[in-house]
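A.B. asks: One structure, pasted below without further comment.
Since every read-out is calculated from the coordinates, none of them should be taken as a lab result. Treat the numbers as computed from the prediction; the structure is a model and nothing was measured. For neighbour counting, all protein chains shown are included, and Cβ atoms are generated from backbone atoms with ideal geometry for every residue, glycine included.
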Amino acid sequence: MQIEPNPKGVIVITGAGQRVGLHCAIALLQQGYQIAVSYRKESAGIKALRSAGAHCIYADFQSLNDIAAFVEALAVYPTIRALIHNASSWQPDPPLHQRQPSGSVLGQLQQDAKVFDAMQQVHARAPFLLNRALLPQLTVGTEPTDIVHLTDFVASVGSSKHQAYAASKAALENLTLSLARKLAPGVKVNAIAPALLMFNEGDDAAYREKALAKSLMATAPGPDEVLNSLLYLLHSRYITGRVLALDGGRHLKLP
Ligand SMILES: NC(=O)C1=CN([C@@H]2O[C@H](COP(=O)(O)OP(=O)(O)OC[C@H]3O[C@@H](n4cnc5c(N)ncnc54)[C@H](OP(=O)(O)O)[C@@H]3O)[C@@H](O)[C@H]2O)C=CC1
Ligand SMILES: Nc1nc2c(c(=O)[nH]1)N=C([C@H](O)[C@@H](O)CO)CN2
């Protein structure tokens, strides 16, 4: 079965059950786009999106079977206006090991590899696979369409505690460049690289103060900043292969 094209088009957002993804999905629905999202947790956000008319599809992007099922579920749309890769897991690196004479090296490597592989799978492999699989639907019409990768400020400067996460976001930034070359002029491919956008529930006052002090603007601007950047990219007919920095001037803050 194919779904009648919505005049504003279909926007696919991954990981839209909460926070930035949810905020953007709701706002874009209100602007008249048809929205299809991926989720893992059946959250209040997903229930709200479903009742507002969004197409909510279960997918864990560490699983190739789930990625295939997600692509198959999206086959109901003959065309896709934009594909927004927001799904992400901010996992810290495991603690550095003290080598024990009797300890298992393999066990330690497995623990480290689990985090590294998870980060690459969610942030680099899944977008790479989805971009290729959904390309036919992104290249139907004559108007340019969009792929947007949500990366991170740390992709360009590294992170001592989230090395695997930062490396995987750097991989995604590099895919932005390759894909922009490959797909122009039919598809614009850009990245949005935020520094701190919003805190997590358990972040204490000391952490918040330290995190805020890292940027010149010294604020946590919230998800609207990403929405505004997305709309800017969707409305542009010229920007491709760029990384939009949403970092409050953090690049100018000396350590
Ligand atoms: N928040 C911030 O301050 C910053 C955010 N960013 C980036 O902006 C984007 C949005 O951030 P934010 O809203 O905070 O992200 P969150 O961590 O709050 O949410 C990300 C979403 O990704 C989904 N997800 C996680 N792992 C998987 C997986 N294996 N397969 C499929 N989906 C998965 C989650 O789904 P579910 O809930 O269903 O499990 C979740 O809804 C992310 O790409 C993030 O890296 C960058 C810098 C700063
Ligand atoms: N997927 C996520 N990525 C990131 C998160 C998050 O909660 N989920 N949070 C951050 C932090 O806000 C950081 O920028 C400052 O502490 C980074 N990435």
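A.B. asks: Determine if region 176-190 includes at least one residue that is buried (at least 20 other Cβ atoms within 10 Å of the Cβ) and touching a residue at least 60 places away in the same chain (Cβ under 8 Å).
C.D. replies: Yes; the residues of region 176-190 include at least one that is buried (at least 20 other Cβ atoms within 10 Å of the Cβ) and touching a residue at least 60 places away in the same chain (Cβ under 8 Å).
A.B. asks: Moving on. Of everything in region 200-226, what is touching a helix residue (DSSP H, G or I) at 6+ places or on another chain (Cβ under 6 Å) and within 9 Å of ligand 1 (Cβ to nearest atom)? Give them in sequence order.
C.D. replies: Pro223, Val226
A.B. asks: Could you say whether any residue in region 78-85 is closer than 20 Å to Leu177 by Cα, in contact with a helix residue (DSSP H, G or I) (Cβ under 9 Å, 6 or more places away or on another chain) and near ligand 1 (Cβ under 9 Å from one of its atoms)?
C.D. replies: Among the residues of region 78-85, at least one is closer than 20 Å to Leu177 by Cα, in contact with a helix residue (DSSP H, G or I) (Cβ under 9 Å, 6 or more places away or on another chain) and near ligand 1 (Cβ under 9 Å from one of its atoms), which makes the answer yes.
A.B. asks: Could you please tell me which pairs satisfy a Cβ distance under 8 Å, a separation of 6+ or placement on different chains, a first residue in region 204-230 that is closer than 28 Å to Ala25 by Cβ and in a loop (DSSP other than H, G, I, E, B), and a second residue that is more than 12 Å from ligand 1 (Cβ to nearest atom) and not charged (D, E, K, R)?
C.D. replies: Close Cβ pairs (under 8 Å, with a partner that is more than 12 Å from ligand 1 (Cβ to nearest atom) and not charged (D, E, K, R)) amount to Ser215/Gly249; Met217/Gly249.
A.B. asks: Also, I was wondering about something else. Under 7 Å between Cβ atoms, which residue pairs at least 6 apart in sequence (or on different chains) link something in region 1-28 that is under 14 Å from Ile80 (Cβ atoms) with a partner that is of a type in the set (Gly, Ala, Ser) and within 13 Å of ligand 2 (Cβ to nearest atom)?
C.D. replies: Note: pairs meeting the criteria are Ile13/Gly21; Thr14/Ala87.
A.B. asks: Do you know which residues across region 13-34 are away from ligand 2 (no atom under 15 Å from the Cβ), surrounded by 24 or more Cβ atoms within 10 Å (Cβ to Cβ) and not small (Gly, Ala, Ser)?
C.D. replies: Across region 13-34, the qualifying residue is only Leu28.
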